[in-house]
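The values are calculated or read from the model by the stated rules, or taken from the named source; none is laboratory data. In this text the structure is predicted, and so the values were computed from the model without any measurement. For neighbour counting, all protein chains shown are included, and Cβ atoms are generated from backbone atoms with ideal geometry for every residue, glycine included.
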Amino acid sequence: MATSVSLAFLILRLVGGLTLAAHGAQKLFGWFEGPGPAKLAQGFHGQGFKPVWIWVGLVILGEFGGGLSLALGCLTPLGAAGGVGAMCMAIFKTHWRNGFWNSKRGYEFPLALLAIAVAVGVAGPGAYSLDSFLGLLLPEALIFGVLAATALLVDAVGLYISRPAAAAASQSAAKPRSAGETRRNG
């Protein structure tokens, strides 16, 4: 039983972790028809994230770094929490409004990656992992819980500062007034 559970965790970590890392590689390197960091920053700026490069760095760290951490089973609670943060932000900022189904850019797919990150974060990486090989006997569930809660708090801050009212206010403040508007308003 222990061997089959460890093998199951290895498969779960590899598929979920490498998929998450590939999404991060789209953002970090522009691979796999991805935007790369410059275009990602433009998109984040349009969504109201400020400062943009911090949020670009966080999503790349959560997806690419978290994905590799999950796949390798190395510092697993940290990687799992990174995946949780990245997928929760993706779900609530981008995919939620499209409904459940992935065919309509819904949250079906990021929810699956979120579930993998949570499952591995709670249960640990299993015996076939670098954490096990290196003897890193971390209290996985506790550390993961604290790190995931922190990631969700960061997500809440990001959702708050990038809400539509904040984006509209910053755009109107940056918009130069015409001569007619200046005379009417002040």
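Quick notes on this one:
- Of all residues in region 121-142, those that are of a type in the set (S, T, Y) have Cβ atoms under 8 Å from Cβ atoms of residues that are at pLDDT 95 or above and part of a loop (DSSP other than H, G, I, E, B), 6 or more apart or on another chain, in Y128/G73; S129/G73; S129/C74; S132/G73.
- Of the residues making up region 75-94, those that are surrounded by 22 or more Cβ atoms within 10 Å (Cβ to Cβ), within 19 Å of V56 (Cβ to Cβ) and in contact with an Asp or Glu (Cβ under 8 Å, 6 or more places away or on another chain) are G82, G83, G85, A86, C88, M89.
- Residue match in region 126-144 (condition: within 20 Å of V59 (Cα to Cα), out of contact with any Gly (no Cβ under 7 Å at 6 or more places or on another chain) and modelled with pLDDT of 95 or more): no
- Residues of region 26-69 satisfying the condition of being aromatic (F, W, Y) and surrounded by fewer than 21 Cβ atoms within 10 Å (Cβ to Cβ): F29, W31, F32, W53
- Checked against the criterion of being of a type in the set (A, V, I, L, M, F, W, C) and within 13 Å of the chain's Cα centre (by Cα), region 97-104 has no qualifying residue.
- Which numbered condition L159 fails, given (1) within 20 Å of F92 (Cβ to Cβ); (2) loosely packed, with under 14 Cβ neighbours inside 10 Å: (2)
- Residue in region 26-45 that is at negative phi, among the polar types (S, T, N, Q), in contact with a Pro (Cβ under 9 Å, 6 or more places away or on another chain) and at pLDDT 95 or above present: yes
- Residue match in region 104-118 (condition: of a type in the set (G, A, S) and under 21 Å from A149 (Cβ atoms)): yes
- Number of residues in region 9-25 that are loosely packed, with under 13 Cβ neighbours inside 10 Å and small (G, A, S): the value is 0.
- When the helices (runs of 4 or more DSSP H) confined to region 33-137 are screened for residues that are more than 21 Å from L153 (Cβ to Cβ), those reaching at least 2 such residues are found at 36-47, 66-72, 108-123, 130-133.
- Some residue of region 109-116 being at pLDDT below 95, over 20 Å from G48 (Cβ atoms), out of contact with any strand residue (DSSP E or B) (no Cβ under 7 Å at 6 or more places or on another chain) and of a type in the set (V, I, T): no
- Among the candidates S103, S6, residue that is touching a Gly at 6+ places or on another chain (Cβ under 7 Å), farther than 26 Å from Y160 by Cβ and among the polar types (S, T, N, Q): S6
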